[in-house]
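Below: one structure, written as structure tokens.
Every number in this text was worked out from the coordinates using simple rules, so none of it is lab data. Quick caveat: nothing in here was measured; it's all calculated off a predicted structure. Cβ atoms come from the backbone with ideal geometry, glycine included; neighbour counts cover every protein chain shown.
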Amino acid sequence: MAPLLLLLLLCSGRRRGCGGVVGRLAAMLTFVVAAVVDKRAAMALMYDDVEVVWGADHSFFYMDDGGGDTLAICLDETHGSGFRSRDAYLYARFDIDIMLVANNSAGTVTTLYLMPEDVPWEIHDEVDLEFLGNVTGEPYTLHTNIFVDGKGQREQQFRLWFDPTADFHTYSIIWNPKHIIMLVDGVPIRDFKNEARRGAAFPTWQKMRAHGSLWNADDWATQGGRVKTDWSAAPFYAYYRGLRATPCAPSPGVAWCGDEPPESPRFDLPPTDAAALRKAREEHLLYDYCADTTRFKDTGLPLECTS
């Protein structure tokens, strides 16, 4: 564990909020980050790739033992914190390493999501990975959703098969003209296909940034809101590092990914990935809106569920 992270854990007493600890550490750590940036100019740093957009007093960067930097974000009874990538993309792969809130994290939500800027809410696109906090000893639930033209309600939930608080794990979103694929440590768990030819909605025109946040959602997050946040356990911390945003690369001779011919296999899911996807879903899927016939008994299943 990084020395500065140890310092953080030693300083963050149960009855102290984020502000005091983060304020003192931020002044020290900003100096540390600035001191190493010149020496590591060739290294990609979270500090360069993201910007904190809310709760700046509840977040800070620190250098880890591997020579990179980590963004720690904090939640207490006053508020949490959130960040976004400095660049926006139309089709890309996003990878980031996250270590989730440890111990009794009930009521908290740690997120990774894609969202555009300056688009009216009623027509916005969005891709969500939301990690729902747990009662101590219970596994985390990964809640996923996809919004197209302002409409969501495409929820799928998964039970993580490891302790996501003990170390960093890699969470990924691949967004290309044929698929939105979500992965955990390289294992595909969800594939939302572009079924536009059948009239289904798919995000195709809004550039999106990667976002991350930690916030309180005890009205719904843990056991449907039955378990509330225990503020005596605050402050809560989540850690992000190594954001990698890889713009979509078209086939040779194609101007950009959106011009890829429909018959091109460029974005087809390889058979090995398709097999891994089926296995992960068989073992870890908790809820799939496409299988919820009771929910859609009056309207029928959404069009993308009937291919």
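Okay, here's what the table says:
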item	result
Fewest-first ranking of TRP121, TRP54, TRP175, TRP215, using other Cβ atoms within 10 Å as the exposure measure	TRP121, TRP54, TRP215, TRP175
Backbone HN-Hα couplings from phi across region 105-120 [Karplus 6.51/-1.76/1.60, Hz, Gly and Pro as x]	9, 3, x, 8, 10, 9, 10, 9, 8, 10, 7, x, 10, 6, 10, x
Centre separation in Å (Cα based) which lies between region 48-102 and region 253-307	29 Å
Pairwise Lys count, the chain - Cα closer than 21 Å, eight or more residues apart or different chains	8
Which of VAL101, VAL109, VAL119 has the fewest Cβ neighbours within 10 Å, and the rest in rising order	VAL119, VAL109, VAL101
Residue of ARG244, ARG295, ARG84 that the Gaussian network model of the chain assigns the largest fluctuation, springs spanning Cα pairs under 10 Å	ARG295
222 nm mean residue ellipticity, helices alone, for the chain (DSSP H n ≥ 4; -39,500 (n - 2.57); rounded to 500)	-4500 deg cm²/dmol
For ALA102, residues with placed amide H under 5 Å, excluding near neighbours	TYR237
Karplus-derived HN-Hα couplings along region 238-245 (A = 6.51, B = -1.76, C = 1.60, θ = phi - 60°), whole Hz, x at Gly and Pro	10, 10, 10, 8, x, 5, 10, 10
Shape call, region 15-305: gyration tensor on alpha carbons, a/c limit 1.5	oblate
Backbone HN-Hα couplings from phi across region 64-77 [Karplus 6.51/-1.76/1.60, Hz, Gly and Pro as x]	9, 5, x, x, x, 10, 10, 9, 9, 10, 10, 10, 10, 5
Protection proxy ranking, peptides 261-271, 193-203, 178-188, 147-157, average beta carbon neighbours within 10 Å, highest first	178-188, 147-157, 193-203, 261-271
